[in-house]
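Shown next, in C-alpha coordinates, is the structure this report addresses.
The values are calculated or read from the model by the stated rules, or taken from the named source; none is laboratory data. The structure presented is a predicted model; accordingly, all values stated were derived computationally and were not measured. For neighbour counting, all protein chains shown are included, and Cβ atoms are generated from backbone atoms with ideal geometry for every residue, glycine included.
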Amino acid sequence: MHITLFKGQSQYGSLRLHIDQLAAALAEQGHVTRVVDLMAGDQLALLQGCLDAPSEVYLGFAGVGADWTVGGASAYDRLGASYVSLYVDHPLHMQARLAAPARKKVSFFLDRSHVQFMTASGQARGHAHLGFLPPGGNELGDPPDLSDEAFARRDIPVLFTGTYRGAPELPWRDWADTPARSICELVAQRMAADARLPVMEAFKAALLDLGATLTPDLFTECLPLLKPPQAFAEAYHRERLLNVLGEAGVPLHVWGHGWEPLVDRQPSFTYGGVGSFEETLHLLRRARVVLNINNGFVAGGHERVFTAMCAGAAVFSDESKYYADAFKAGREIALFAWPQMDKAPGQLMALLGDEARLAAIARAGAKKAQAEHRWADRARKLVKALKQAA
(Lines give C-alpha, C1' and ligand atoms only; values in the text may rest on other atoms or scores of the structure.)
Protein backbone atom coordinates (compact mmCIF):
# COMPACT_ATOMS: atom_id res chain seq x y z
CA MET A 1 0.00 0.00 0.00
CA HIS A 2 1.27 3.49 -0.87
CA ILE A 3 0.50 5.97 1.92
CA THR A 4 1.16 9.71 2.17
CA LEU A 5 1.20 11.08 5.71
CA PHE A 6 0.64 14.80 6.37
CA LYS A 7 2.49 16.58 9.15
CA GLY A 8 0.73 19.71 10.38
CA GLN A 9 0.95 22.10 13.28
CA SER A 10 1.11 20.65 16.79
CA GLN A 11 1.44 22.63 20.04
CA TYR A 12 4.17 20.50 21.59
CA GLY A 13 5.07 18.52 18.46
CA SER A 14 3.30 15.36 19.61
CA LEU A 15 1.21 14.84 16.47
CA ARG A 16 4.25 15.48 14.28
CA LEU A 17 6.18 12.79 16.13
CA HIS A 18 3.16 10.48 15.85
CA ILE A 19 3.37 10.85 12.06
CA ASP A 20 7.10 10.08 11.97
CA GLN A 21 6.78 6.98 14.13
CA LEU A 22 3.65 5.70 12.37
CA ALA A 23 5.33 6.22 8.98
CA ALA A 24 8.37 4.26 10.16
CA ALA A 25 6.15 1.44 11.45
CA LEU A 26 4.25 1.24 8.15
CA ALA A 27 7.50 1.20 6.18
CA GLU A 28 8.87 -1.62 8.33
CA GLN A 29 5.74 -3.60 7.49
CA GLY A 30 6.39 -3.28 3.76
CA HIS A 31 4.27 -0.25 2.81
CA VAL A 32 5.55 2.65 0.73
CA THR A 33 5.32 5.82 2.80
CA ARG A 34 5.84 9.49 2.06
CA VAL A 35 5.76 12.16 4.76
CA VAL A 36 4.71 15.64 3.61
CA ASP A 37 5.40 18.40 6.12
CA LEU A 38 2.75 21.03 5.41
CA MET A 39 4.56 23.46 7.71
CA ALA A 40 7.87 23.21 5.83
CA GLY A 41 7.21 25.37 2.77
CA ASP A 42 4.65 26.46 0.20
CA GLN A 43 1.65 24.32 1.08
CA LEU A 44 0.12 24.60 -2.39
CA ALA A 45 3.35 23.42 -3.99
CA LEU A 46 3.60 20.52 -1.55
CA LEU A 47 0.04 19.45 -2.32
CA GLN A 48 0.67 19.79 -6.05
CA GLY A 49 3.52 17.32 -5.60
CA CYS A 50 1.01 14.89 -4.10
CA LEU A 51 -1.18 15.28 -7.19
CA ASP A 52 1.78 14.66 -9.50
CA ALA A 53 2.74 11.46 -7.65
CA PRO A 54 -0.52 10.18 -6.12
CA SER A 55 -0.93 7.64 -3.33
CA GLU A 56 -3.70 5.18 -2.53
CA VAL A 57 -4.11 6.59 0.96
CA TYR A 58 -3.59 10.02 2.54
CA LEU A 59 -3.42 10.28 6.32
CA GLY A 60 -3.38 13.18 8.76
CA PHE A 61 -3.92 13.37 12.51
CA ALA A 62 -6.80 15.49 13.84
CA GLY A 63 -8.14 15.97 10.32
CA VAL A 64 -5.03 17.66 8.89
CA GLY A 65 -5.52 17.77 5.13
CA ALA A 66 -9.17 16.69 5.27
CA ASP A 67 -10.38 19.81 3.46
CA TRP A 68 -7.96 19.61 0.51
CA THR A 69 -9.91 20.49 -2.63
CA VAL A 70 -9.07 20.80 -6.31
CA GLY A 71 -11.44 22.68 -8.58
CA GLY A 72 -14.09 22.87 -5.87
CA ALA A 73 -14.14 19.12 -5.23
CA SER A 74 -12.36 16.83 -2.81
CA ALA A 75 -8.84 16.13 -4.03
CA TYR A 76 -9.14 12.59 -2.69
CA ASP A 77 -12.20 11.93 -4.83
CA ARG A 78 -10.36 13.17 -7.90
CA LEU A 79 -7.47 10.84 -7.08
CA GLY A 80 -9.71 7.91 -6.18
CA ALA A 81 -7.85 7.78 -2.87
CA SER A 82 -8.86 7.27 0.74
CA TYR A 83 -8.45 10.01 3.33
CA VAL A 84 -7.71 8.67 6.82
CA SER A 85 -7.48 10.49 10.11
CA LEU A 86 -7.08 9.64 13.77
CA TYR A 87 -8.96 12.27 15.75
CA VAL A 88 -7.26 12.89 19.09
CA ASP A 89 -10.05 15.00 20.58
CA HIS A 90 -13.80 14.72 21.04
CA PRO A 91 -15.77 15.00 17.76
CA LEU A 92 -17.50 18.10 19.15
CA HIS A 93 -14.18 19.94 18.80
CA MET A 94 -13.59 18.64 15.26
CA GLN A 95 -16.87 19.31 13.45
CA ALA A 96 -15.53 21.22 10.43
CA ARG A 97 -12.84 18.67 9.56
CA LEU A 98 -15.14 15.72 10.14
CA ALA A 99 -17.63 17.26 7.70
CA ALA A 100 -15.06 17.65 4.90
CA PRO A 101 -16.39 15.85 1.80
CA ALA A 102 -14.62 12.75 0.53
CA ARG A 103 -16.25 9.55 -0.67
CA LYS A 104 -13.60 7.26 0.83
CA LYS A 105 -13.24 8.92 4.21
CA VAL A 106 -12.00 6.76 7.09
CA SER A 107 -12.02 8.16 10.62
CA PHE A 108 -10.55 6.65 13.77
CA PHE A 109 -11.08 7.87 17.31
CA LEU A 110 -9.11 7.18 20.48
CA ASP A 111 -12.27 6.60 22.51
CA ARG A 112 -15.08 4.14 21.84
CA SER A 113 -17.63 6.67 23.10
CA HIS A 114 -16.51 9.04 20.32
CA VAL A 115 -17.40 6.42 17.71
CA GLN A 116 -20.79 5.95 19.39
CA PHE A 117 -21.29 9.73 19.39
CA MET A 118 -20.58 9.93 15.65
CA THR A 119 -23.10 7.18 14.94
CA ALA A 120 -25.85 8.53 17.22
CA SER A 121 -25.49 12.08 15.88
CA GLY A 122 -25.81 10.94 12.27
CA GLN A 123 -22.26 11.98 11.41
CA ALA A 124 -21.32 8.43 10.46
CA ARG A 125 -23.01 9.05 7.13
CA GLY A 126 -20.42 10.01 4.57
CA HIS A 127 -17.74 7.82 6.14
CA ALA A 128 -16.52 4.62 4.54
CA HIS A 129 -15.41 3.46 7.97
CA LEU A 130 -15.47 4.61 11.60
CA GLY A 131 -13.28 2.86 14.12
CA PHE A 132 -11.64 2.90 17.52
CA LEU A 133 -7.85 3.18 17.43
CA PRO A 134 -5.94 4.61 20.39
CA PRO A 135 -2.56 6.17 19.60
CA GLY A 136 0.63 4.21 19.95
CA GLY A 137 3.44 4.83 22.37
CA ASN A 138 6.19 7.07 21.02
CA GLU A 139 9.70 5.83 21.71
CA LEU A 140 13.33 6.80 21.73
CA GLY A 141 15.69 4.62 19.72
CA ASP A 142 16.93 2.21 22.39
CA PRO A 143 14.57 0.47 24.82
CA PRO A 144 14.84 1.59 28.46
CA ASP A 145 16.66 -0.33 31.16
CA LEU A 146 13.89 -1.98 33.20
CA SER A 147 16.06 -3.20 36.05
CA ASP A 148 15.41 -2.23 39.67
CA GLU A 149 18.81 -0.54 39.74
CA ALA A 150 17.95 1.70 36.79
CA PHE A 151 14.55 2.51 38.27
CA ALA A 152 16.19 3.59 41.54
CA ARG A 153 18.25 6.18 39.60
CA ARG A 154 15.14 7.95 38.26
CA ASP A 155 15.08 11.44 39.80
CA ILE A 156 11.57 12.77 38.97
CA PRO A 157 9.07 11.38 41.50
CA VAL A 158 5.87 12.29 39.62
CA LEU A 159 5.70 13.84 36.15
CA PHE A 160 2.82 15.54 34.36
CA THR A 161 3.13 17.18 30.96
CA GLY A 162 0.46 19.26 29.28
CA THR A 163 -1.21 22.64 29.39
CA TYR A 164 -2.59 24.10 32.59
CA ARG A 165 -6.05 25.34 31.66
CA GLY A 166 -7.08 26.96 34.90
CA ALA A 167 -10.60 27.03 36.30
CA PRO A 168 -13.26 25.70 33.89
CA GLU A 169 -15.48 28.17 32.08
CA LEU A 170 -19.29 28.14 32.26
CA PRO A 171 -20.30 30.46 29.38
CA TRP A 172 -23.97 29.37 29.34
CA ARG A 173 -24.54 31.05 32.71
CA ASP A 174 -24.39 34.37 30.88
CA TRP A 175 -27.15 33.29 28.48
CA ALA A 176 -30.84 34.11 28.78
CA ASP A 177 -32.91 31.68 30.86
CA THR A 178 -33.90 29.30 28.05
CA PRO A 179 -34.01 25.51 27.54
CA ALA A 180 -30.56 25.77 25.91
CA ARG A 181 -29.09 27.15 29.12
CA SER A 182 -30.84 24.48 31.19
CA ILE A 183 -29.51 21.71 28.94
CA CYS A 184 -25.91 22.94 29.23
CA GLU A 185 -26.16 23.28 32.99
CA LEU A 186 -27.64 19.82 33.49
CA VAL A 187 -25.17 18.14 31.14
CA ALA A 188 -22.23 19.85 32.86
CA GLN A 189 -23.49 18.89 36.33
CA ARG A 190 -23.80 15.24 35.39
CA MET A 191 -20.38 15.10 33.74
CA ALA A 192 -18.76 16.82 36.71
CA ALA A 193 -20.32 14.29 39.08
CA ASP A 194 -19.21 11.28 37.01
CA ALA A 195 -16.00 11.61 35.01
CA ARG A 196 -16.75 8.35 33.15
CA LEU A 197 -20.05 9.64 31.76
CA PRO A 198 -19.91 10.42 28.00
CA VAL A 199 -21.50 13.69 26.94
CA MET A 200 -24.14 11.83 24.92
CA GLU A 201 -25.34 9.92 27.99
CA ALA A 202 -25.33 13.11 30.06
CA PHE A 203 -27.40 14.78 27.33
CA LYS A 204 -29.96 11.98 27.35
CA ALA A 205 -30.28 12.22 31.13
CA ALA A 206 -30.64 16.02 30.98
CA LEU A 207 -33.45 15.72 28.44
CA LEU A 208 -35.29 13.29 30.71
CA ASP A 209 -34.96 15.80 33.55
CA LEU A 210 -36.64 18.34 31.26
CA GLY A 211 -39.38 15.91 30.22
CA ALA A 212 -38.01 15.24 26.72
CA THR A 213 -36.45 12.29 24.93
CA LEU A 214 -33.59 12.16 22.45
CA THR A 215 -34.50 11.96 18.76
CA PRO A 216 -32.19 12.22 15.74
CA ASP A 217 -33.59 15.64 14.82
CA LEU A 218 -33.20 16.95 18.36
CA PHE A 219 -29.64 15.64 18.52
CA THR A 220 -28.75 17.49 15.32
CA GLU A 221 -30.41 20.67 16.55
CA CYS A 222 -28.67 20.59 19.94
CA LEU A 223 -25.23 19.48 18.75
CA PRO A 224 -23.66 22.97 19.09
CA LEU A 225 -24.94 23.20 22.67
CA LEU A 226 -22.88 20.21 23.80
CA LYS A 227 -19.42 21.64 23.09
CA PRO A 228 -19.36 24.06 26.10
CA PRO A 229 -20.26 21.41 28.73
CA GLN A 230 -17.82 18.95 27.13
CA ALA A 231 -15.03 21.53 27.39
CA PHE A 232 -16.11 22.37 30.94
CA ALA A 233 -15.94 18.74 32.06
CA GLU A 234 -12.47 18.26 30.57
CA ALA A 235 -11.13 21.30 32.42
CA TYR A 236 -13.07 20.64 35.64
CA HIS A 237 -11.58 17.23 36.38
CA ARG A 238 -8.02 18.28 35.56
CA GLU A 239 -8.27 21.38 37.76
CA ARG A 240 -9.84 19.55 40.68
CA LEU A 241 -7.32 16.69 40.72
CA LEU A 242 -4.29 18.97 40.43
CA ASN A 243 -5.44 21.05 43.39
CA VAL A 244 -6.17 17.97 45.50
CA LEU A 245 -2.67 16.65 44.78
CA GLY A 246 -1.11 20.03 45.54
CA GLU A 247 -2.96 20.44 48.82
CA ALA A 248 -1.71 16.99 49.86
CA GLY A 249 1.91 17.95 49.09
CA VAL A 250 2.45 15.48 46.25
CA PRO A 251 5.87 16.21 44.60
CA LEU A 252 4.64 16.86 41.07
CA HIS A 253 6.98 18.04 38.31
CA VAL A 254 5.09 19.80 35.51
CA TRP A 255 6.00 20.92 32.00
CA GLY A 256 3.83 22.85 29.55
CA HIS A 257 2.11 26.19 29.02
CA GLY A 258 0.41 28.24 31.71
CA TRP A 259 1.59 26.55 34.90
CA GLU A 260 3.03 29.58 36.74
CA PRO A 261 -0.18 30.54 38.65
CA LEU A 262 -0.75 27.02 39.97
CA VAL A 263 2.90 26.41 40.85
CA ASP A 264 2.87 29.65 42.85
CA ARG A 265 -0.07 28.32 44.88
CA GLN A 266 1.23 24.76 45.31
CA PRO A 267 4.75 24.67 46.81
CA SER A 268 5.13 20.92 46.21
CA PHE A 269 4.90 21.49 42.44
CA THR A 270 8.08 22.05 40.41
CA TYR A 271 7.80 23.80 37.04
CA GLY A 272 10.35 22.75 34.42
CA GLY A 273 9.29 25.02 31.54
CA VAL A 274 7.19 24.67 28.42
CA GLY A 275 9.21 21.89 26.82
CA SER A 276 8.43 19.90 23.70
CA PHE A 277 7.16 16.40 23.09
CA GLU A 278 10.62 15.18 22.10
CA GLU A 279 12.00 16.57 25.36
CA THR A 280 9.19 14.74 27.16
CA LEU A 281 10.47 11.41 25.86
CA HIS A 282 13.69 12.01 27.78
CA LEU A 283 11.87 13.22 30.88
CA LEU A 284 9.81 10.03 30.91
CA ARG A 285 12.99 8.01 31.35
CA ARG A 286 13.75 10.03 34.48
CA ALA A 287 10.24 9.71 35.95
CA ARG A 288 9.19 7.10 38.46
CA VAL A 289 5.48 7.83 38.07
CA VAL A 290 3.71 9.58 35.20
CA LEU A 291 0.37 11.15 36.08
CA ASN A 292 -2.31 10.77 33.43
CA ILE A 293 -5.61 12.67 33.42
CA ASN A 294 -7.86 11.32 30.70
CA ASN A 295 -9.27 14.67 29.61
CA GLY A 296 -12.71 13.27 28.91
CA PHE A 297 -11.62 9.95 27.37
CA VAL A 298 -14.04 7.70 29.23
CA ALA A 299 -13.66 4.57 27.10
CA GLY A 300 -10.36 5.12 25.37
CA GLY A 301 -6.71 5.90 25.90
CA HIS A 302 -4.37 8.88 25.92
CA GLU A 303 -0.99 8.56 24.21
CA ARG A 304 0.67 9.69 27.46
CA VAL A 305 -0.11 6.30 29.01
CA PHE A 306 1.46 4.19 26.26
CA THR A 307 4.44 6.49 25.77
CA ALA A 308 5.19 6.59 29.52
CA MET A 309 4.97 2.80 29.75
CA CYS A 310 7.28 2.32 26.76
CA ALA A 311 9.77 4.59 28.57
CA GLY A 312 9.71 2.39 31.67
CA ALA A 313 7.74 4.72 33.97
CA ALA A 314 4.82 3.58 36.10
CA VAL A 315 1.49 5.18 35.17
CA PHE A 316 -1.01 6.57 37.69
CA SER A 317 -4.28 7.42 35.95
CA ASP A 318 -7.97 7.93 36.44
CA GLU A 319 -10.02 4.96 35.34
CA SER A 320 -11.14 4.31 31.79
CA LYS A 321 -13.21 1.41 30.52
CA TYR A 322 -10.45 0.83 27.97
CA TYR A 323 -7.65 0.69 30.55
CA ALA A 324 -9.71 -1.85 32.50
CA ASP A 325 -9.74 -4.07 29.40
CA ALA A 326 -6.19 -3.42 28.21
CA PHE A 327 -4.21 -3.62 31.46
CA LYS A 328 -4.16 -5.44 34.77
CA ALA A 329 -4.95 -2.75 37.32
CA GLY A 330 -2.50 -2.71 40.20
CA ARG A 331 0.04 -4.78 38.28
CA GLU A 332 0.58 -2.99 34.94
CA ILE A 333 -1.05 0.36 35.73
CA ALA A 334 -2.18 2.12 38.92
CA LEU A 335 -5.70 3.57 38.71
CA PHE A 336 -7.85 5.77 40.90
CA ALA A 337 -11.62 6.28 40.77
CA TRP A 338 -13.12 9.75 40.46
CA PRO A 339 -15.83 9.12 43.08
CA GLN A 340 -13.00 8.54 45.59
CA MET A 341 -10.69 11.19 44.16
CA ASP A 342 -9.77 12.47 47.61
CA LYS A 343 -8.00 9.12 48.13
CA ALA A 344 -5.80 9.64 45.05
CA PRO A 345 -3.00 11.56 46.87
CA GLY A 346 -2.70 8.82 49.50
CA GLN A 347 -2.62 6.13 46.84
CA LEU A 348 0.07 7.99 44.93
CA MET A 349 2.24 8.67 47.99
CA ALA A 350 1.93 5.02 49.03
CA LEU A 351 3.22 3.99 45.61
CA LEU A 352 6.16 6.37 45.87
CA GLY A 353 6.97 4.90 49.28
CA ASP A 354 7.09 1.32 47.97
CA GLU A 355 9.88 1.38 45.41
CA ALA A 356 9.88 -2.38 44.79
CA ARG A 357 6.17 -2.40 43.96
CA LEU A 358 6.45 0.73 41.86
CA ALA A 359 9.34 -0.69 39.85
CA ALA A 360 7.38 -3.92 39.31
CA ILE A 361 4.36 -1.97 37.98
CA ALA A 362 6.62 0.05 35.69
CA ARG A 363 8.33 -3.10 34.37
CA ALA A 364 5.07 -4.97 33.76
CA GLY A 365 3.50 -1.93 32.09
CA ALA A 366 6.50 -1.49 29.82
CA LYS A 367 6.41 -5.12 28.71
CA LYS A 368 2.67 -4.92 27.96
CA ALA A 369 2.97 -1.62 26.09
CA GLN A 370 6.00 -2.75 24.09
CA ALA A 371 4.14 -5.93 23.10
CA GLU A 372 0.72 -4.46 22.29
CA HIS A 373 0.65 -0.66 22.24
CA ARG A 374 3.44 0.56 19.98
CA TRP A 375 2.89 2.30 16.66
CA ALA A 376 3.71 -0.99 14.94
CA ASP A 377 0.58 -2.49 16.52
CA ARG A 378 -1.53 0.51 15.50
CA ALA A 379 -0.16 0.38 11.94
CA ARG A 380 -1.28 -3.22 11.49
CA LYS A 381 -4.78 -2.45 12.77
CA LEU A 382 -5.04 0.65 10.58
CA VAL A 383 -4.08 -1.22 7.41
CA LYS A 384 -6.48 -4.06 8.26
CA ALA A 385 -9.35 -1.59 8.65
CA LEU A 386 -8.44 0.13 5.37
CA LYS A 387 -8.52 -3.16 3.49
CA GLN A 388 -11.91 -4.02 5.00
CA ALA A 389 -13.29 -0.59 4.04
CA ALA A 390 -12.01 -0.76 0.46
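Key figures
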item	result
Condition check for residue 182: part of a helix (DSSP H, G or I), outside the structural domain of residue 322 (by TED's automatic domain parsing) and surrounded by fewer than 18 Cβ atoms within 10 Å (Cβ to Cβ)	yes
Filter pass, residue 304 being crowded, with 18+ Cβ neighbours inside 10 Å, within 30 Å of residue 58 (Cα to Cα) and in contact with a Gly (Cβ under 6 Å, 6 or more places away or on another chain)	no
Criterion (surrounded by fewer than 22 Cβ atoms within 10 Å (Cβ to Cβ) and of a type in the set (Gly, Ala, Ser)) met by exactly one of 121, 82, 107	121
Sole exception among (1) over 24 Å from residue 346 (Cα atoms); (2) touching a residue at least 40 places away in the same chain (Cβ under 8 Å) for residue 279, by number	(2)
Set 140, 159: member being in a loop (DSSP other than H, G, I, E, B), under 29 Å from residue 273 (Cβ atoms) and either assigned by TED's automatic domain parsing to the domain that holds residue 203 or hydrophobic (A, V, I, L, M, F, W, C) (or both)	140
Of residues in segment 19-30 being out of contact with any strand residue (DSSP E or B) (no Cβ under 6 Å at 6 or more places or on another chain) and touching a residue at least 24 places away in the same chain (Cβ under 8 Å), the one surrounded by the most Cβ atoms within 10 Å (Cβ to Cβ)	22
Yes/no for residue 247 being more than 27 Å from residue 365 (Cα to Cα), modelled with pLDDT of 90 or more and not polar (S, T, N, Q)	yes
Filter result (closer than 17 Å to residue 61 by Cβ, in contact with a Phe, Trp or Tyr (Cβ under 8 Å, 6 or more places away or on another chain) and not hydroxyl-bearing (Ser, Thr, Tyr)) within segment 72-96	84, 86, 88, 90, 91, 94
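Condition check ((1) of a type outside the set (Asp, Glu); (2) in contact with a His (Cβ under 8 Å, 6 or more places away or on another chain); (3) buried (at least 17 other Cβ atoms within 10 Å of the Cβ); (4) at positive phi) across all residues:
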site	(1), (2), (3), (4)
323	yes, no, yes, no
328	yes, no, no, no
332	no, no, yes, no
343	yes, no, no, no
370	yes, no, yes, no
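Here's the yes/no breakdown for (1) within 21 Å of residue 305 (Cα to Cα); (2) in a strand (DSSP E or B); (3) touching a Gly at 6+ places or on another chain (Cβ under 7 Å):
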position	(1), (2), (3)
144	yes, no, yes
151	yes, no, no
173	no, no, no
187	no, no, no
